[in-house]
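Encoded as structure tokens, the structure appears first; notes follow it.
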Amino acid sequence: MTNQEFATELLNWYQDHKRQMPWRGEADPYKIWISEIMLQQTRVDQATPYFQNFISLFPTVYDLAKSDQQEVLKAWEGLGYYSRARNLHAASKMVVEEFDGKVPETYNKIIKLKGVGPYTAAAVTSIAFNKPNAVVDGNVIRVLTRYLGIEDDTRSTKTRRKVQEFASELIDPEHPGDFNQAMMELGSEICTPSNPDCQNCPIQAGCVATKMAKTDTIPYKSPAKKKPHHIIGVGIIERDEDDKILIALRPNDAMLGGLWEFPGGKKEDNEKIQQTVERELKEELGVEVKAYKELMSLKHTYSHFSITMHAWFCKLISGDPKPKESQEVRWVSREELGKFPFPKANKVLTEKLTQKS
Ligand code: SF4
């Protein structure tokens with residue numbers, strides 16, 4: 001199978017089988033850019049309602065650039081990887097100020113925007129501006145390592161580079177956007193991680209893995225390192241006079257930056273969880289508290305570690321809470337909690353607190 005035949009077969013298949021998505025067929029580079037940022041680390045079905053809501057809140061790059069970061073994070077709440085939202089917001093200002101409100105058309109310019117890496121740069125410039133830049137994501141890696149019969153570890157930069165080079169040779173210069181989307185669609189619908197549907201694959205004629213019966217072992221990915229697990233204690237301080245609850249705004253440069261949370265931190269060895277909460281609140285807020293009752297505990301997994309979070313009601317004994325390790329602290333009523341963007345685990349706590357009232 002020649003490269004030309006590969007591209008033709010793939011594009012023909014895509015014309016007949018592409019799925020409907022709210023951003024498919026979209027000509028506005030701004031919306032294409034938003035969709036590509038959302039689709040990083042996120043499935044299509046999960047991203048779709050967020051995309052629709054985001055576009056209704058911020059229909060143009062100008063609307064996004066002039067919005068408040070808190071509004072953007074609120075629209076992103078629950079989608080995870082919040083640096084994407086912060087970077088997108090910062091990049092929208094850059095587009096307005098440095099590019100006259102137009103999403104840059106070339107790879108070398110768009111990649112200068114915050115949060116835009118090689119994948120997004122290739123995806124946006126090919127789909128929005130017809131530039132022949134090949135995307136390489138997990139789907140493309142799976143399709144091409146199988147097609148070429150590459151048995152090397154796909155975690156290695158060398159393997160990824162090999163796949164990138166081959167994808168760049170294959171891409172159809174006339175239809176680069178469709179070609180890229182077709183590759184990803186093929187990976188997600190036909191060349192699936194297990195039981196690929198080789199009988200219905202448009203590039204089966206040239207595929208090494210199917211010929212050699214190696215679709216079970218290609219792609220090879222070396223085992224991931226075990227994620228560390230942390231026990232976290234957080235405090236819910238209720239103010240006696242008005243029952244308001246204290247929340248803190250995480251520093252912008254930290255993980256989950258710009259989101260609100262209940263203050264707390266990691267349990268140390270030989271410490272009871274109540275002691276963790278009391279110590280953490282002293283360190284973070286400069287107050288003495290008594291942790292007196294557990295609200296709930298829950299487990300959550302992030303990309304590089306997992307946690308069990310224990311949330312405790314606390315009584316304020318002395319001191320006035322100060323944002324020693326956060327941007328700001330605020331007393332809010334239970335009803336107001338829903339207005340603030342929280343990361344997922346904290347969001348569960350806010351819902352529990354709201355139910356109780
Ligand atoms: S023939 Fe099978 S293994 Fe090869 S690319 Fe197609 S679906 Fe994947």
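The values are calculated or read from the model by the stated rules, or taken from the named source; none is laboratory data. None of these values were measured; they are calculated from a predicted model. So basically every Cβ, Gly included, is an ideal-geometry build from the backbone, and we count neighbours across all protein chains shown.
So if I check each of ARG146, ARG142, which one is in the same structural domain as THR42 (by TED's automatic domain parsing), of a type in the set (D, E, K, R) and in contact with a Ser or Thr (Cβ under 7 Å, 6 or more places away or on another chain)?
Working: ARG142 fails: in contact with a Ser or Thr (Cβ under 7 Å, 6 or more places away or on another chain).
Selected residue: ARG146, the only one of ARG146, ARG142 that is in the same structural domain as THR42 (by TED's automatic domain parsing), of a type in the set (D, E, K, R) and in contact with a Ser or Thr (Cβ under 7 Å, 6 or more places away or on another chain).
Looking at (1) modelled with pLDDT of 95 or more; (2) more than 24 Å from ASP243 (Cβ to Cβ); (3) not hydrophobic (A, V, I, L, M, F, W, C), which one does TYR292 not meet, given that it meets all the others?
TYR292 satisfies every listed condition except (2).
Got a sec? Which of ALA90, ALA123, ALA167 is assigned to a helix (DSSP H, G or I), away from the ligand (no atom under 16 Å from the Cβ), buried (at least 19 other Cβ atoms within 10 Å of the Cβ) and in the same structural domain as MET38 (by TED's automatic domain parsing)?
Numbers: ALA90 fails: buried (at least 19 other Cβ atoms within 10 Å of the Cβ); ALA167 fails: away from the ligand (no atom under 16 Å from the Cβ).
Being assigned to a helix (DSSP H, G or I), away from the ligand (no atom under 16 Å from the Cβ), buried (at least 19 other Cβ atoms within 10 Å of the Cβ) and in the same structural domain as MET38 (by TED's automatic domain parsing) holds for just one of ALA90, ALA123, ALA167, which is ALA123.
Where in region 255-344 are there strands (runs of 3 or more DSSP E), lying wholly inside it, with at least 2 residues that are closer than 19 Å to ILE231 by Cα and either in contact (Cβ under 8 Å) with a residue 24 or more places away in the chain or not charged (D, E, K, R) (or both)?
Hits in region 255-344: 264-266, 288-301, 306-318.
Suppose we filter LEU113, LEU79, LEU64 for residues that are of a type in the set (A, V, I, L, M), touching a residue at least 40 places away in the same chain (Cβ under 8 Å) and either crowded, with 18+ Cβ neighbours inside 10 Å or assigned by TED's automatic domain parsing to the domain that holds GLN46 (or both); which single one remains?
LEU79
Grab the helices (runs of 4 or more DSSP H) fully contained in region 1-66, keeping just those with 2 or more residues being within 17 Å of ASN180 (Cα to Cα), under 20 Å from the mean Cα position of the chain (by Cα) and of a type outside the set (Phe, Trp, Tyr).
29-39
Among the residues of region 206-244, what is the count of those that are among the aliphatic types (A, V, I, L, M), surrounded by 10 or more Cβ atoms within 10 Å (Cβ to Cβ) and within 11 Å of the ligand (Cβ to nearest atom)?
Of the residues in that region, 4 qualify.
Filter region 170-191 for residues that are farther than 13 Å from ALA134 by Cβ and touching a Lys or Arg at 6+ places or on another chain (Cβ under 8 Å); which is surrounded by the most Cβ atoms within 10 Å (Cβ to Cβ)?
It comes out as CYS191.
Filtering region 183-205 down to residues that are touching a residue at least 12 places away in the same chain (Cβ under 8 Å) and acidic (Asp, Glu), which residue is nearest to the ligand (Cβ to nearest atom)?
So, considering only residues that are touching a residue at least 12 places away in the same chain (Cβ under 8 Å) and acidic (Asp, Glu), the one nearest to the ligand (Cβ to nearest atom) is GLU189.
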